[in-house]
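Trainee: This is the structure, below, for whatever I ask next.
Every number in this text was worked out from the coordinates using simple rules, so none of it is lab data. This one's a predicted model, so the numbers in the text were calculated from it and none came from an experiment. When we count neighbours, we look across all protein chains shown, and the Cβ atoms used for this are built from the backbone with ideal geometry, even at glycine.
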Amino acid sequence: MPTDCISYQNSGYFTPLMVDYLNQKDSLKPLYHRFPTLQNFGAQITEKQQNFPHHPRNVLVSALEQQYKKVEGCQVTLQNIQLLAQGTTFTVTTGHQLNLFTGPLYFLYKIISAINLAKELKAAYPQYNFVPVYWMATEDHDFEEINHFTFRDKKICWNRESAGPVGRLSTTGLAAVLEVFTKELGPGINAKWLTTLFENAYLKHENLADATFYLANEIFKDHGLVIIDADNRELKQLFAPYVKEELLQQTSQQKVAETTALLKEYNVQVNPRDINLFYIEDNLRERIILQDGTYYINNTQLKFSESEILTELENHPEKFSPNVIMRPLYQEVILPNLAYIGGGGELAYWLELKSFFDSQNVTFPMLLMRNGALLVTEKQACKLDKLNLTWADIFTKQQALLNKRVQEFSEFKLDFSDLKATLQNQFALMREMAAKTDITFTGAVKAQELKQIEGLANLEKRLLKAEKRHHRNQLERIASIQNELFPNQGLQERRNNFSEFYLEYDGRLLTELFKRLKPLEQEFNIIIL
């Protein structure tokens, strides 16, 4: 079976909103600025260059220089940081939570998408420089989403209490996690590399932000990736005017609410609050609530008058943290950014934000779906060939796939649609006869029709079930290989960790991903390792 691709729209794993966005449906066009095509980046560059002042660049470079003192940055990354001071340099950004040991596979896919896009843009617009950026979600607080990873169907967890921003969380206790992981890895050179990577990241750094910074840098250090921790006083100072506007005017709630009304036919991703900010300290991350002129910090005794909270913002901008509504604005205020690369859920909430960005006079970035991939071993590919399964088949929901295959295996037709149509035509004639003779007879005709149709449907189900028993061995083999590739009937990339594949394929895994993932192509890649 040749290596192939499935369009995102046809994969069956994207919401109607994302399918319509990728198809550039007219009704959604007011919700984004420019669709991500190579040609459209030209206008995006011009606009961002005009609207992004020079001062933030100097602050950004200074903050990044300080952060990179903690790791051994490669020469191309350090050069990229210096290039950010120039007005002809722009970023393409992806972001992700601080998942333990990178979490699911799509952590890699996001970052590789950003790196490959930067290269593609440089080839198309050589007069400019493009820097791939990984934005660490250090100010998130949902520890249960990030405290684990899955290795060979085993969930490896970091069990502890957590409060406040996860980036500030102490790495104490991760030695026990490494012990569990090492036992699962077994012996070998690749197992040793993974063990050392985990140890150097989590046992030699004091908090989760520094550990994740080291981990991402170590994996991508030769590709010019710039990692940023925006939980930073100097960067927050750049954002302070927008925080002040949010505290005093609450514009975000009004603008996002207007936009969500345009998305009423879809499931809205996030709903804005009156104030979309948190107040944070090392062990605190709580909402700011305005009530009767007083600003309360939820679940604490802290409260501020208007003048007091503005003074607090001036003296301690680092204590004000944007939530999911305000974070994208923060990103675009401190970065000379052209595009955000994210998954379907992320792009869904970005589509709620353009009106808010317009109100703040900040250029809205292009929204690019991250690359997706299905990693398949040669052995699995051979199984698929023997079972005569196509890639489209393997992406089909399992019950539908099994029903389709049993229809193909059967020596006779299992679909009673023709019989049902014939029966309905016959009853239509009977209803005409009844209408011409005794109108009260039509009710009995309709009841009998429903009974007969229901009877045929039940016979159809029983026949299908019998044929499934007859072809059980083949169907079990089909279900088994699909379950290997789609664990728990979901996408591999949302569950499996990279270490499972690195253990067998070492550096070839990243090499193949860099070669195959093309960010501007709306395709789900099937990669045979």
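Trainee: Over 21 Å between C-alpha atoms is what I'm after, so list which of Lys29/Lys110; Lys48/Lys119; Lys110/Lys379; Lys69/Lys515; Lys110/Lys236 land there. Can you show the working numbers first?
Mentor: Working: Lys29/Lys110 24 Å; Lys48/Lys119 19 Å; Lys110/Lys379 27 Å; Lys69/Lys515 31 Å; Lys110/Lys236 25 Å.
Among Lys29/Lys110; Lys48/Lys119; Lys110/Lys379; Lys69/Lys515; Lys110/Lys236, the Cα-Cα distance tops 21 Å for Lys29/Lys110; Lys110/Lys379; Lys69/Lys515; Lys110/Lys236.
Trainee: Under 27 Å between alpha carbons, and skipping anything fewer than 8 positions from Lys386 in its own chain: which lysines qualify?
Mentor: Lys397, Lys404, Lys413, Lys465, Lys468
Trainee: Under 18 Å Cα to Cα from Lys155, which lysines show up? Leave out anything in the same chain fewer than 8 places away.
Mentor: Partners within reach: Lys183.
Trainee: Same structure again: Per the helix-only calculation at 222 nm, which mean residue ellipticity applies to the chain, given -39500 (n - 2.57) for every DSSP H run of n ≥ 4 and division by its residues, nearest 500 deg cm²/dmol? Don't skip to the answer; put the middle values down first.
Mentor: Numbers: 22 runs with 261 residues, N = 529.
Result for the chain: -15500 deg cm²/dmol, rounded to the nearest 500.
Trainee: Let me ask another. What is the local net charge at Ala230, summed over the other residues whose Cβ is closer than 12 Å to its Cβ (Lys, Arg +1; Asp, Glu -1)? Walk me through the numbers on the way to the answer.
Mentor: Values: positive: Arg233, Lys236, Arg327; negative: Glu139, Asp140, Asp229, Asp231, Glu234, Glu318, Glu332.
For residues surrounding Ala230, the net value is -4.
Trainee: To continue, here is another question. Taking H placed 1.01 Å from N in the peptide plane, check which residues at least 5 places from Ser7 or on another chain put their amide H under 5 Å from its amide H.
Mentor: Residues meeting the criterion, in which the H sits 1.01 Å from N, are Phe524.
Trainee: Scan (i) 27; (ii) 44; (iii) 12 for the value of percent of Cα pairs over 44 Å apart calculated from this model and give just the label.
Mentor: The listed entry that was calculated here is (i).
Trainee: Direction-averaged shadow area of the convex hull around the Cα atoms of the stretch 236-347, nm²? It would help to have the intermediate numbers written out before the result.
Mentor: Details: hull surface 33.2 nm².
Average projection, Cα convex hull of the stretch 236-347: 8.3 nm².
Trainee: Once the other residues with Cβ under 10 Å from the Cβ of His316 are scored (Lys, Arg +1; Asp, Glu -1), what is the net sum?
Mentor: Working: positive: Arg233, Lys236, Lys319; negative: Glu281, Glu312, Glu314, Glu318.
Counting the neighbours of His316, the net charge comes to -1.
Trainee: Once you keep just the Cα pairs under 8 angstrom separated by 6 or more residues, what percentage relative contact order results for the chain? Each step should come with its number before you reach the end.
Mentor: On the way: 787 pairs, mean separation 126.5, N = 529.
Once divided by the residue count of the chain, the mean separation gives 24 percent.
Trainee: Could you tell me which of Leu208, Ala191, Val406 has its Cα farthest along the dipole of the chain towards the positive end, charges placed at Cβ (Lys, Arg +1; Asp, Glu -1), taken about the Cα centre?
Mentor: Going by the Cα projections, it comes out as Val406.
Trainee: Less than 17 Å apart at the alpha-carbon level, and either on another chain or at least 8 residues along: which lysines does that give for Lys436?
Mentor: Correct list for Lys436: Lys446.
Trainee: Collect residues whose amide H, placed 1.01 Å from N in the peptide plane, falls under 5 Å from the amide H of Thr89; neighbours closer than 5 in sequence don't count.
Mentor: Amide H to amide H, under 5 Å and 5 or more residues apart or across chains, Thr89 pairs with Asn129.
Trainee: Using the beta-carbon distance between Ala447 and Thr377 and R0 = 35 Å, what value does 1/(1 + (r/R0)^6) give for FRET efficiency, to the nearest 0.05?
Mentor: On the way: r = 56 Å, r/R0 = 1.61.
Computed FRET efficiency for Ala447 and Thr377 comes out at 0.05.
Trainee: While we're on this one: Between Ala163 and Asn299, what is 0.36 nm times their sequence separation minus the Cα-Cα distance? Round to one decimal in nm. Walk me through the numbers on the way to the answer.
Mentor: Details: separation 136, 0.36 × 136 = 48.96 nm, distance 1.25 nm.
Roughly 47.7 nm would be gained on extension.
Trainee: Could you sort 274-283, 388-397, 155-164 so that the peptide with the highest average Cβ count within 10 Å comes first and the rest follow in order?
Mentor: Working: 274-283: 18.6, 388-397: 16.2, 155-164: 14.2.
Top to bottom by mean Cβ count within 10 Å: 274-283, 388-397, 155-164.
Trainee: Same structure, new question: Amide H of Leu98 versus every other amide H placed in the peptide plane: which residues, excluding those fewer than 5 positions away on the same chain, fall under 5 Å?
Mentor: Ala137
Trainee: Something else now. Just flag the GluC sites (Glu not before Pro) in the stretch 181-251 sitting in loop per DSSP whose Cβ has no more than 12 other Cβ atoms within 10 Å. Don't skip to the answer; put the middle values down first.
Mentor: Working: sites: Glu184, Glu199, Glu206, Glu218, Glu234, Glu245, Glu246; in loops: Glu206.
Loop-located and lightly packed - Glu206.
Trainee: Something else now. Please turn the phi angles of the stretch 11-27 into ³J(HN,Hα) values with the Karplus equation 6.51 cos²θ - 1.76 cosθ + 1.60 (θ = phi - 60°), one per residue in order, whole Hz, x for glycine and proline.
Mentor: 6, x, 10, 10, 6, x, 4, 5, 4, 5, 5, 5, 7, 6, 4, 4, 5
Trainee: For the stretch 1-96, what are Rg and Dmax over the alpha carbons, in angstrom?
Mentor: 18.8, 54
Trainee: Taking the number of other C-beta atoms within 10 Å as the exposure measure, put Leu284, Leu375 in order starting with the fewest. Can you show the working numbers first?
Mentor: On the way: Leu284 17, Leu375 22.
If I rank by nearby Cβ atoms, fewest first, I get Leu284, Leu375.
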